[in-house]
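Structure record follows, encoded as structure tokens.
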Amino acid sequence: ADLQGASLAADARLARHLGWHLGDRVRLWLGDGSPVRLRVVALFHRSLGFGEIVIPRAVVVGHVTQSLDDEVFVSGGSPAALDRLTRAHPGAEALTRSAYLARLDRAAFRQSLAVYALLGVVVLFSAIAAINALAVAVSERARDLELLRLIGATRRQLRRMVRFEVIIVVTFATVIGALTAAPGVVAFSIGKTGSPIPVAPVWLWAGVPLTAALLASVAIALPLRGALRAGRGSVTARAQ
């Protein structure tokens, strides 16, 4: 089909990939396989959540299984007119802009719950492994801590030393983990948004290193206390 005056708008990155330019007539296939030639009249950016190609409703209405509109955006409509419309169509619902955006946010959060749940499981297993490794490492250094106590180191100095070591380990682990995940995350971000910087909440960026530091502190607390207590007993025995 060659619809006179039919046009489309396309994502700029997709247009560059396909070699489309403004004013070109391009060949597409609609939902039922019908071919159509449309003119590229607009290019836009940031198609995430919107669609890479926008086609007039009149072009596709006869080529889909359900031609009903999901949403209709109204500008300047009176509340009375919208109220009459919703009463005439029981399935319709009129929302203000703020209410509509709030609904989108809730829907996005529900969709993200599965991802956050999976991420939580991964973080839990990683935390268990990290806590076990740090606890064993501190416990195995009980004799070293005992030796440091014998040559005059105080408990406070030993705690500070171990905590400083943990900070170094957490810093390197965070950097190495970020560099390991960076290629896949950057590639995914470029494919979805066109930017190498992933879109993520601020709390997630700050939460990863802070959580790692908190887990490390918890992991060394009890083993370090036990090692220092054992070292103190040994020092007392030797002094006697």
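Contact map, the range 102-123: first residue over 20 Å from Val208 (Cβ atoms), second residue open to solvent by less than 80 Å² (accessible area, probe 1.4 Å), Cβ cut-off under 9 Å, separation 6 or more or different chains; pairs are Ala102/Leu95; Arg103/Leu95.
Confirm whether Ile197 is under 28 Å from Glu52 (Cα atoms), in contact with a helix residue (DSSP H, G or I) (Cβ under 7 Å, 6 or more places away or on another chain) and at pLDDT 75 or above.
Answer is yes for this residue.
Considering only residues in the range 192-203 that are part of a helix (DSSP H, G or I) and open to solvent by 50 Å² or more (accessible area, probe 1.4 Å), the one that is nearest to Arg13 (Cα to Cα) turns out to be Lys192.
For every residue, the table says whether it meets (1) of a type in the set (A, V, I, L, M, F, W, C); (2) over 34 Å from the mean Cα position of the chain (by Cα); (3) open to solvent by 50 Å² or more (accessible area, probe 1.4 Å).
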position: Thr96; (1), (2), (3): no, no, yes
position: Ala99; (1), (2), (3): yes, no, no
position: Gly152; (1), (2), (3): no, yes, yes
position: Val169; (1), (2), (3): yes, no, yes
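Number of residues in the range 140-150 that are of a type outside the set (Lys, Arg) and open to solvent by less than 60 Å² (accessible area, probe 1.4 Å): the value is 4. Sub-9 Å Cβ pairs linking a first residue in the range 199-211 that is under 16 Å from Ala108 (Cα atoms) to a second residue that is surrounded by 10 or more Cβ atoms within 10 Å (Cβ to Cβ), at least 6 apart or interchain, are Val199/Leu48; Val199/Ser189; Val199/Lys192; Val199/Thr193; Pro201/Gly207, ordered by first then second residue.
The number of residues in the range 107-131 that are open to solvent by less than 90 Å² (accessible area, probe 1.4 Å) and either modelled with pLDDT of 80 or more or not polar (S, T, N, Q) (or both) comes to 16.
A single member of Arg229, Arg160 is at pLDDT 80 or above, open to solvent by 80 Å² or more (accessible area, probe 1.4 Å) and in a helix (DSSP H, G or I), and it is Arg160.
The set of residues from the range 44-64 being at pLDDT 80 or above and open to solvent by 100 Å² or more (accessible area, probe 1.4 Å) comprises His45, Arg57.
When restricted to residues that are open to solvent by 50 Å² or more (accessible area, probe 1.4 Å) and hydrophobic (A, V, I, L, M, F, W, C), the range 207-220 contains 5.
The values are calculated or read from the model by the stated rules, or taken from the named source; none is laboratory data. Remember, it's a predicted structure, so these values are computed and weren't measured experimentally. Cβ: placed from backbone, ideal geometry, glycine included. Neighbour counts: every protein chain shown. SASA here: full protein model, heavy atoms, side chains in, ligands and nucleic acids out. Shrake-Rupley method; radii C 1.70, N 1.55, O 1.52, S 1.80 Å.
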